[in-house]
Ligand SMILES: [Zn+2]
């Protein structure tokens with residue numbers, strides 16, 4: 001009897017699990033048709049190519065910034081998008097951040113669309129063509145900034161220009177916030193936040209660069225996924241420093257500064273931060289896992305109960321997936337002796353750390369100390385900020401981003417995710433609970449790999465769909 005009862009109970013549990021897996025399917029929603037009227041894909045690509053040719057390279061050293069290039073870029077925008085510049089108010093903040101206001105006549109909280117027009121340098125990279133030639137060839141725009149982030153800036157302006165031409169007025173105010181120093185952690189976007197805050201304006205929603213439409217990043221899901229960042233990891237720069245008396249290299253000592261530094265680095269490498277499945281990543285598993293074949297779905301449907309196993313699975317799936325589930329440490333710079341035959345008096349390693357949600361600068365430094373376990377290795381925090389707050393995914397604003405993405409990418413599964421890079425959006429997440437990080441472009445793995453690297457490029461088709469995404473957003477806001 002007892003055995004029969006247990007078997008029956010077991011059977012119920014199994015069939016409940018089976019039902020859960022059967023129900024674990026994507027929602028059946030027919031996407032709205034894409035809104036590409038009034039957009040000219042080829043003309044947009046020409047304009048992007050022209051803006052890529054203006055080398056707005058940012059640098060932490062103000063003396064190295066070509067201010068004339070930035071000035072030329074701002075000037076060229078007014079000529080390429082004349083109707084936008086006629087209809088919207090424009091302010092230049094600080095050293096060149098742009099803030100536009102498109103008045104609606106309504107006093108509803110506004111939508112803020114963000115992008116940045118500075119780019120990272122190309123030094124030391126092997127480009128197959130001139131990175132600032134802005135070549136438009138075989139349906140592809142080549143050059144530094146083609147995606148990051150002049151691509152997004154152009155897609156936004158193409159959408160706005162087309163709607164202004166059509167006599168459209170948005171249902172709520174729309175601000176365009178275009179930073180000039182995002183790549184060097186500058187203050188441009190912060191000034192935009194301060195400007196709006198000082199006027200008593202709190203955004204309804206904010207959209208900045210971040211996730212994209214990508215394929216093959218999630219285990220078991222081959223199709224395209226539009227991943228929308230709800231939060232971003234913290235960034236922490238730490239220097240590990242060891243010192244010694246120095247001396248002639250002909251009479252070295254055991255356990256000198258470089259050796260102790262190397263040991264510290266290996267201890268960090270051998271003791272990675274724990275992999276954990278944060279709620280946002282769980283939301284991603286929930287959204288994307290529904291598109292997986294049944295074997296995977298059996299796991300993903302029970303993700304909430306399987307957090308440790310899934311965190312382990314993701315940490316092994318790819319570099320990108322690993323970065324989603326844990327704090328990562330990259331040793332980027334090493335310094336030792338300045339001469340070939342002199343013992344180092346100081347050895348230094350620079351660690352660039354991306355802090356997972358749920359951890360902080362303080363808890364990260366504390367764990368590093370513990371792992372290194374060597375009082376002769378000094379840890380100096382150069383700069384650090386905690387992970388951003390998490391935006392909501394259960395509201396109208398997120399639903400709108402979702403619908404806009406599906407209008408131009410009807411086959412894509414839309415999912416929340418954690419952005420592993422830092423963006424200007426973090427400034428807005430202090431004043432708004434609906435800050436989304438999404439670049440509305442479908443990018444191949446190779447195109448993704450070219451961000452901040454050689455041969456950055458975007459297809460004209462992706463740029464066109466990106467503009468369609470913003471058009472949908474503006475028309476339904
Ligand atoms: Zn960027």
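No value in this document is a laboratory result; all are computed from the given coordinates. Everything quoted here is computed from the prediction, not taken from an experiment. Backbone-built Cβ (ideal geometry, glycine too); neighbour counts: all protein chains shown.
What to note about this one:
- R0 of 30 Å, Cβ-Cβ distance residue 382-residue 294: FRET efficiency to nearest 0.05: 0.05
- Considering only beta bridges that DSSP places wholly inside the chain, some 65 percent are antiparallel.
- The convex hull around the C-alpha trace of the chain, projected and averaged over every direction, spans 28.4 square nanometres.
- Descending semi-axes in Å of the stretch 11-91, equivalent ellipsoid built from Cα gyration tensor: 50, 23, 12
- Ellipsoid semi-axes for the stretch 274-384, based on the Cα gyration tensor and the rule √(5λ), read 39, 15, 11 Å when sorted largest first.
- The helix-based estimate of mean residue ellipticity at 222 nm for the chain, built from -39,500 (n - 2.57) per DSSP H run of four or more residues and divided by its residue count, is -11500 deg cm²/dmol to the nearest 500.
- Kirkwood Rh (inverse of mean 1/r, distinct Cα pairs), the stretch 65-112, angstrom: 12.3
- Taking packing as the residue-averaged number of other Cβ atoms within 10 angstrom, the listed peptides 338-348, 156-166, 315-325 run from highest to lowest as 156-166, 315-325, 338-348.
- In the stretch 56-142, the alpha-carbon atoms span a convex hull of 153 Å³ per residue.
- Ellipsoid equivalent to the stretch 170-253 - semi-axes via the Cα gyration tensor, in Å: 43, 26, 10
- Two numbers describe the Cα atoms of the stretch 362-459: Rg and Dmax, which are 18.7, 58 Å.
- Projecting the alpha carbon convex hull of the stretch 225-297 along each direction and taking the average yields 8.8 nm².
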